[in-house]
Each structure stands twice: as structure tokens, then as C-alpha cells.
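K.L.:
Can you keep this structure in mind? I'll have questions shortly.
The values are calculated or read from the model by the stated rules, or taken from the named source; none is laboratory data. Worth saying up front: this structure is predicted, and the values here are computed from it rather than measured. Virtual Cβ from ideal backbone geometry, glycine too; neighbours counted across all protein chains shown. Areas reflect the complete protein model, heavy atoms only, side chains present, ligands, DNA and RNA absent. Shrake-Rupley method; radii C 1.70, N 1.55, O 1.52, S 1.80 Å.
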Amino acid sequence: MSWTNETSGLTRRSFLKSTAVVAGGVWAGTALGCAPSTSGSDDGAAETQQVNEEHFNVCCRPNCFNTCMMTATVRDGKLVKTAPADFPSPEFNRICLRGLVSNENIYHPDRVLYPMKQTGARGSDQWERVSWDEAIDDIAAKIKGYREEFGDSSIFKTSGSSVYHATSGTPGKLFGTINASTMSGPLDAGNMYGIMRVFGYGGSPWPGNDQRDYVNAKNLFLWCNNLTDAQIHDWHFVADAIEAGANVICIDPIYTQMAAKSHKWVPIRPGADLQLIMSMMYVMLEEDLVDWDFIKQHTVAPFLVKDADGLFLRMSDLGVEPTKGDIDPTTGEPAIIDPYAVWDEDAGAAAELSTVANAAIEGAFDVEGIAVHTAFTLLRAEIEKFAPAQASTMCDVPEETIVELARLACDGPVTHRVGWGTQAYDNGLAPHVAGATMAALAGQLGKPGANYSSAVWMSWAGGNKAATSPATPATSPTIAYMNMPEVFASGQYLGAPITPKALWVYSGNPLCTWCDTNALRDDIFANFELVVTVDYMMTDTARYSDYVLPCAHWFEYEDAITSGNTYHLIHSEKAIEPLGEALCDLDIMRKLGMALGLDDNLFPDSNEAFLREYFDSELAAKQGITYDALCEKNAIHAYGDYFMQWQDLVFATPSGRAEFYVEKPTPYGVTGKTPDLSREHLPTWFEPREAWPTNPLAEQYPFVLMSERPRFRVHGQWSYNRILRELDPEPTVKINPADAAEAGLADGVLVECYNDHGHAVAKLVYNEAIRPGTLVYPKSWQSDQHVAGGWSEPLSRETDAVLVNQSFMDCLVGIRAWEGAE
Ligand SMILES: Nc1nc2c(c(=O)[nH]1)N[C@H]1C(S)=C(S)[C@@H](COP(=O)(O)OP(=O)(O)OC[C@H]3O[C@@H](n4cnc5c(=O)[nH]c(N)nc54)[C@H](O)[C@@H]3O)O[C@H]1N2
Ligand SMILES: Nc1nc2c(c(=O)[nH]1)N[C@H]1C(S)=C(S)[C@@H](COP(=O)(O)OP(=O)(O)OC[C@H]3O[C@@H](n4cnc5c(=O)[nH]c(N)nc54)[C@H](O)[C@@H]3O)O[C@H]1N2
Ligand SMILES: [Mo]
């Protein structure tokens, strides 16, 4: 498929233009408060003024996945306007209301412009301005002291999600060099892990077809994905599909704008998608809708699973010596070749997979004394637990709808686009294992209009030579933050002594965005002796730090950005000088490295040199990416022009097939709890930890608390933007009017949503779109914007021992009128 490859000349390279303008008149209203001065005269005369206007290619890059390439207009050194820039394919040209008001963030009166030291207790918000030297010298002295006294592992770094730029790797490199520990905040990985379980890694963590392929779908399922707000720039791909005749089905507990745009809305019970998907597969089996040929050729359906240990039967089990293959580049050792064995229907015996024309898909066999079942037989047994009559009561979707959805999911081409809603519950891994399995059973993979993915490409196209340099040997641990209170209490992690002392926070705002704020602040942050946050606004986390170091805004330095949903790598030029004394992370790391006495050459001495080194890699060369090419083109597609996943139907799994039966399930992090891996071979039901009607806690806290991604913010970013605050002035919580009437709460009153962990106070908004029994809040206001509390307070930091992900919506609360002060 070919697409136009034209790039408009405007944004190719910054150019300098001298413009004569009439002072006072022309700019008003366009420059968002940044009109050039009228140089003295205020008599309104038509005085002309020379204005230097320049245009730069920049990239907006919060973690909304949309990473808009934009043209920044700079007049007399001031950024006055942002507009969409031209991608090689115009379908990707984009900007949103946040991108349009970027300069309000840059010139915000409360922006942190200088290194600040907290003079009162942490959180007291008493600050003094200090010089970079003073701040860095003090921080470095403390880090050195802690390392000497308590070891390398006493130093911690942690980051949030604003990390899709090349230089964001520099703190990782510096802290890796000193063998520091990492406090991780696993946020949104459940859907990715679930899909990867079945399809493998594929060099791209979130495999997905080019969104331009949606027009080829006959049925387009949107699972837990609110594109119209959370991937606002991608919604037009769905609109194109609708115009092309696709039938769009939205599965969401809430009647979102995306649901309103869809042909069918399926209001599912929160946390119950696995029930629906398994039951759809039940119908597929019952109505013989399965693509038998596909699953025989391209999935592990015919593989034989040994009853004794759950592993696949291999030829070595039948006495055939494994052979050695090519050197495996990851291990440096020859690969061991031990072919899979399947049951040959014609011969009535097990034999090597590649030699068998007619492998059994179903059955239990005795292979030379070894009891086995086919993987498909085991899957069928699991699916049979989900008859629609029973699943319907669990997921609250009518039986006839389950049947209808199963038929639609087999009426190809079928694309499933998966969002992040379901992975916000403790049971959030299995739905996507089941979903990927369902797409395989229906044979809806590897052809135009067919896929199961979240349509986001996030891996780096370039190398990361410049950004990584882990200590050798790296001995300090990565600890999921939920385990940190126990680490502080015991002075141990997994049996090894550890004394956390210093924490460096960058590109994230944990005290606003991670669960259980009160515990995070009092049992984790408070226990560090030194907390440093690098940000450009006084966020919740910045306010609870000893030092806040001012990072430069994205448009104030040169970088390269992975553009999630467009599959491009983008060049972001330096459009303006950093305000105040702000510095980018690379410059800050260079300063800290020097103060710590690390190698002078740890970081190249300019952003350009950094990027040249960054793209000096084999992978980048393969993708045609060099620094010079990036500067010339501004945006380079990572896969030529168009990406289709699994076209050759060779999956990135050990067998090369879609592995709905997982041979060796592993947890995705360490919790200290013993994970129950027996439930992980196949998609299996277990209830959400908290948000489930049979949970006794529901008597006390009857509402499931769900969050929504507001179009006015990306997490906490833009939350102080004064233009967007006019549109969205205060924290709100939406309730179904019937629930509100029962609770005796009037529209517009201040309410408190609360449980044992904490509370948040917000304005109540009646909304028929909200599922009864749930409350929905637009997320990530900073705590000083709430009347009291904050939305992350009531969320539990408990996590599933296999998924090890935060469960943002697996939460029950009560609601009552706010009695406190406004
Ligand atoms: N404007 C804006 N855009 C953003 C962000 C932002 O903060 N603001 N954040 C970005 C980030 S980091 C992420 S991870 C993405 C997330 O992008 P999305 O996944 O699209 O967003 P969510 O709001 O997490 O969830 C999507 C939908 O899942 C529904 N849902 C909740 N529970 C369930 C359930 O059990 N089953 C089903 N089927 N649906 C359920 C919710 O009602 C919601 O409408 O958005 C990104 N985009
Ligand atoms: N209730 C609830 N909470 C959630 C979720 C939910 O669904 N519900 N979703 C979760 C998800 S999926 C995610 S991804 C997280 C996101 O959580 P975070 O990543 O913590 O959220 P942000 O507010 O985007 O924080 C990024 C911060 O980095 C700063 N920053 C931006 N660029 C740079 C840079 O180049 N250098 C430095 N040093 N700083 C920079 C920004 O100003 C901002 O303050 O939120 C999670 N929290
Ligand atoms: Mo996320």
C-alpha cells in the first residue's frame, strides 16, 4: 500500500524570516499573551516594528501516545504559537487542545525556573532559591556519603511516564553507572503482557497494525478504550473505518463519547471482560465458528501438554537426542533443537511436528507411557466453564449479546483494539490473553483488517548506546514501590540488606499518579533522607521534595522522540532558550556526574553529539535512521511506511505460533508474595481484588471508583494551564442520577469519596452515562486543586503477584456530602 510521501517545505528546517508588522493590532488574539511589545509609543499610531519570526519542528510528548509533531512559531525569541506539522503521510498530522496551549505551560507564572531548596519540613512549601552549584554539590555530597556508609543500593531513582525522548535515558545511565536501585511504579502493562503472552514480543512491545488498516475491518471491536478522549488523535481512524462501512462495537461500562460514536455499546460490569471473552469463545465452539485450519497451522492447538508437568511434549521425551543449531545471539551458545511432538491422526502415534500432515487438535493420549492432552483440549475445558447463561450473570451482558458478539468476532476481517481499562484491575492480565486467543480461534490475524492489539508502538527505533551504561555487575535491585514500606521496615529486600536513603524522581509525579498517596508519602517518601525531583512545575511530588531542580521544557532543547501511535521517530528542535536556569535532564546528569567524580565522558557534551551517538547503532542503521537523516526529514517511519503485524503468521513466541497455552508462565515483577502460576497456563477467571459485588467490603463501600482520562490533561500535566482551567475548572466526580437520588446527593454539591486508604473531595456531576454502582472521576488533579484529599488516596497499593501492576480501578468507595471547609 502506498501513501503520499510529500512533506511540506514549511517545517523541513527552521528558517528565519523578518516581518514588518503593525504594532499592537496584528498579533492580538493570536499570540496567547505573548504579543511583542510596542516599543515605547502608546498613542496607537501605526508604528512598525521589526519582528524576527522563526519556525521550528518540535514534538509534544507527554505520555498520551499521540506525540504530535508541531511547528513552533518563535517571535523575538518567544514561543507564540504551535501548529500541526506535516508527517510524511498526512493522516498522522495532528494537534489537540493541549498542544495548542503549550506556551501557556512554558510561560506559566508558577513555572519552576531555578533550583529550589525546601527550607521547612517536606511539604511545607517553603522554598529558597539556590544556585545550581550549591544544589548539585549538596546532593552529590549526600549521595557519596550514603554510598560510603550504606552502599550503592541506598541510592534510588524513579521515573514516571514522560520518557519517550532519547535523553530521558540519561538519568538511567548515570544511576546505572553508580549501581543505584530503582523504585518502579508499574502502571499500565497488563494489556501488553497479556497480548505478548500469546503472540510474543516481536521487537515491538505493543504489536499493532497501522491504524490506517482499520478501514479494512468489517467489524471493529474497541475494548476498554476511550479513543475520543485518551487517544483523541486516533479517533479519526475509527471514523474512517465507519465511513468505509465497518461495524464498531465498544465494550465499556461507561457510555463514553467513544461508545456514543459506535454502532453497538456493550455496558459490561467492571473487571469482568474475561467472562465475556471466554463465553464468546464458548459460542464459537458451540456454533463451530472456529477457523480450524488456522489454529492447526498457526497456534499451539495440536501441541501435546504433559499431564505431569504442564510442559509441551518434545522429541527428547521420546528418546530423540536434541541437536545443536546456530549460535543464539542472546546467550552466545548454540541453540538446542528439540522439536515439538504432536499426535499424528493417520499413524495413531506421536511424531515430530514438521513431519505430521494431520495432527490431532483434540484428545488425550498415552505417548509411550506419558499422559498428554492437546493444548486445545485443555483450552476447551477452560472455555466450557463459561456458558453464556452463567457468564452473563457475571459480566452483566445479556446471553443473546454474547452470542451476537461471538458471531461478529468471526465475521472477518475483524480488528480488536484494546485500551487500558481492564488492566486497571487485579485480574487484568487474563482478559488480553483470552482476547488474543479469541482472535486466533477466529483466524483474525495477519491479514488486512484483522488484528488484536492496542495499536501503540513504543520501542526505540534507535540504539541506546549513549543512554545506557549499567554498572558491571549490577547488583542493586529494582523494587516495585508497593513493596517499599516492608523494605524500610525490615532493612532487607529478598533476603539482602538494603538501607534506602536518597531518591531521584524525574519525568513523573508519583504523589499525584500512583496509588495510595498517604502510604506512598508517609511510609515511602518520608523514609528517604533525601528526595530530589526534576520537573518544571511544583507538582505534588515536587512539593514533597528537598530539592526541586528545574527541567527545561521540551521545546527548549534538541531531542528525538518515539511517536507512539504514528510509528515515527521525530526530531524535536530547540525552539527557544530555556527559561530561567532550566536545564534538560542530559545537562543535569552531566553536572551530577561531574560532582560525583564520574567519567568526564559519561555524556557527550551537546544534545547533537548525544543524538549522533544514540543513533550510531545497528538497529538504527537497519531502519535508515541517522541523526542527519532525522534532521533532514523531521519524521522517519520505523517500518518504511506502513506496518502490519504478523503478516507472515510467524509469531514472536518460542514455537513461532500463537501460544494460547503458556508453557512456562512467569510473573512480571517481584512482590515477595508467592505467585500462583498454576492458573497462568490458560486464561483463567479470578475476581478483581476489591471491586466485585460479592466482596463484603461492598456493604461499607458500595461504589466502584473508576477514572477517566480527561482531554484537558495528560495525567497531571497541563493541570495548572490557565486556558484549560477555564474549560475544566475543578475536580469533579460523575454519578448516575438514580444512585445520587438514593444517596440524597444533589447535582453540583461537594462530595467526599472515601475508604480506609483516604479520600477525595470533588463536585458531584449527574450523568446518565455512568453505570449505576460506579463513580467516575477525570483523573490527576494535583492535591492543591482539590478542596481536600486527592484521587489517588483511596486506591490500594496491593497488586496481583503475577501481573504486578497497579490496579487503578479495582477500588471501592463510599460517597457522602462534604461537611468540611471549602
Ligand atoms: N487526555 C489524556 N489522554 C491520555 C492520558 C491522559 O491522562 N489524558 N493518559 C495516557 C495513558 S498513560 C494511557 S495508559 C492511555 C489509556 O487509554 P485508555 O485505555 O483509552 O483510557 P482509560 O481511561 O484508562 O480506559 C479506557 C476505558 O476503559 C473503560 N473501562 C474501565 N473498566 C473497564 C472494564 O472492566 N472493562 C472494559 N471493557 N472497559 C473498562 C473506562 O470506562 C474507559 O472508558 O491514555 C493515554 N492518553
Ligand atoms: N487514578 C488513576 N491514576 C493513574 C492512572 C489511572 O488510570 N487512574 N493511570 C496511570 C498511568 S497508565 C500512567 S502512565 C501514570 C502516569 O503518571 P506520571 O508519569 O507520574 O504522570 P505525569 O503527570 O505525566 O508526570 C510526568 C511529570 O514529568 C514532568 N516531565 C515532563 N517531561 C519531562 C522531562 O523531560 N524531564 C523531567 N525530569 N520531567 C519531565 C511533567 O512535568 C510531569 O510532572 O498515571 C497513572 N495513574
Ligand atoms: Mo499509562
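K.L.:
When N counts the residues of segment 169-310, how does its alpha-carbon radius of gyration compare numerically with 2.2 N^0.38 Å, as a ratio?
P.N.:
Against the compact-globule rule of thumb, the ratio is 1.37.
K.L.:
Which of the GluC sites (Glu not before Pro) found in segment 330-436 are loop residues per DSSP with 16 or fewer other Cβ atoms within 10 Å of their Cβ?
P.N.:
Loop-located and lightly packed - 345, 362, 368, 384.
K.L.:
Shifting gears a bit: For the chain, give the share of DSSP beta bridges that are antiparallel, in percent and rounded to the nearest 5; count only bridges with both residues there.
P.N.:
Bridges in the chain that DSSP calls antiparallel: roughly 60 percent.
K.L.:
Just to check I understand the Karplus step: with θ = phi - 60° and J = 6.51 cos²θ - 1.76 cosθ + 1.60, what whole-Hz values come out for segment 495-505, glycine and proline as x?
P.N.:
x, 9, x, 7, 10, x, 10, 10, 10, 10, 10
K.L.:
Send over the Kirkwood Rh of segment 53-107, from the inverse of the averaged 1/r over different Cα pairs, rounded to one decimal Å.
P.N.:
Hydrodynamic radius (Kirkwood, Cα only) of segment 53-107 equals 11.5 Å.
K.L.:
Kindly list the residues of segment 75-116 that lie in the label zone of residue 132, defined by a backbone N under 17 Å from the point 7 Å along the Cα-to-C-beta vector.
P.N.:
112-116
K.L.:
Taking Cα centroids, how far is segment 570-585 from segment 297-363 in Å?
P.N.:
Measuring centre to centre over Cα atoms gives 55 Å.
K.L.:
Which three extents, in whole angstrom, do the alpha-carbon atoms of segment 696-817 cover along their principal axes, largest first?
P.N.:
Largest to smallest, the principal-axis extents are 44, 38, 25 Å.
K.L.:
Restricting to bridges with both residues inside segment 696-817, how much of the DSSP beta-bridge set is antiparallel, in percent to the nearest 5?
P.N.:
Around 60 percent of the beta bridges assigned by DSSP in segment 696-817 are antiparallel ones.
K.L.:
Tell me, in nm to one decimal, what length is gained between residue 699 and residue 612 on full extension, where the rule is 0.36 nm per residue of separation less the Cα-Cα distance?
P.N.:
Value of the extension gain: 25.3 nm.
K.L.:
Shifting gears a bit: Using alpha carbons only, how many angstrom separate the centre of segment 79-156 from the centre of segment 629-707?
P.N.:
31 Å
K.L.:
Evaluate the distance, in nm, between pseudo-label points positioned 7 Å from the Cα of residue 292 and of residue 324 along their respective Cα→Cβ axes.
P.N.:
4.4 nm
K.L.:
Return the Rg/Rh ratio of segment 308-360 with Cα-based radii and a Kirkwood Rh.
P.N.:
1.07
K.L.:
Another question, if that's okay. What would the Debye formula give as log10 I(q)/I(0) at q = 0.05, 0.10 Å⁻¹ for the alpha-carbon point model of the chain, no solvent?
P.N.:
Once normalised to I(0) and log-transformed, intensities are -0.28, -1.17.
K.L.:
What list of whole percents do you get for P(r) of segment 570-668, with Cα-Cα distances grouped in 10 Å bins up to the one holding the largest distance?
P.N.:
Histogramming segment 570-668 at 10 Å steps yields 11, 26, 24, 21, 15, 2 percent.
K.L.:
Rounded to the nearest 10 Å², what accessible area does residue 568 have for a 1.4 Å probe in the complete protein model?
P.N.:
Accessible area, nearest 10 Å²: 0 Å².
K.L.:
Which GluC sites (Glu not before Pro) in segment 570-628 sit in a loop by DSSP (not H, G, I, E or B) and have at most 12 other Cβ atoms within 10 Å of their own Cβ?
P.N.:
none
K.L.:
Given the Cα-Cα distance of residue 816 and residue 368 and 0.36 nm per residue of separation, how much length would full extension add, in nm?
P.N.:
154.6 nm
K.L.:
Which residues make up the longest stretch of the chain clear of trypsin sites (Lys or Arg not before Pro) that lie in a DSSP loop with no more than 16 other Cβ atoms within 10 Å, not counting the sites?
P.N.:
Within the chain, the longest run free of exposed trypsin sites (Lys or Arg not before Pro) spans 123-384.
K.L.:
Would you list, by chain and number, the aspartates and glutamates whose Cα falls below 13 Å from the Cα of residue 261, excluding same-chain residues fewer than 8 positions away?
P.N.:
Within the straight-line limit of under 13 Å, residue 261 reaches these aspartates and glutamates: 229, 240, 243, 252.
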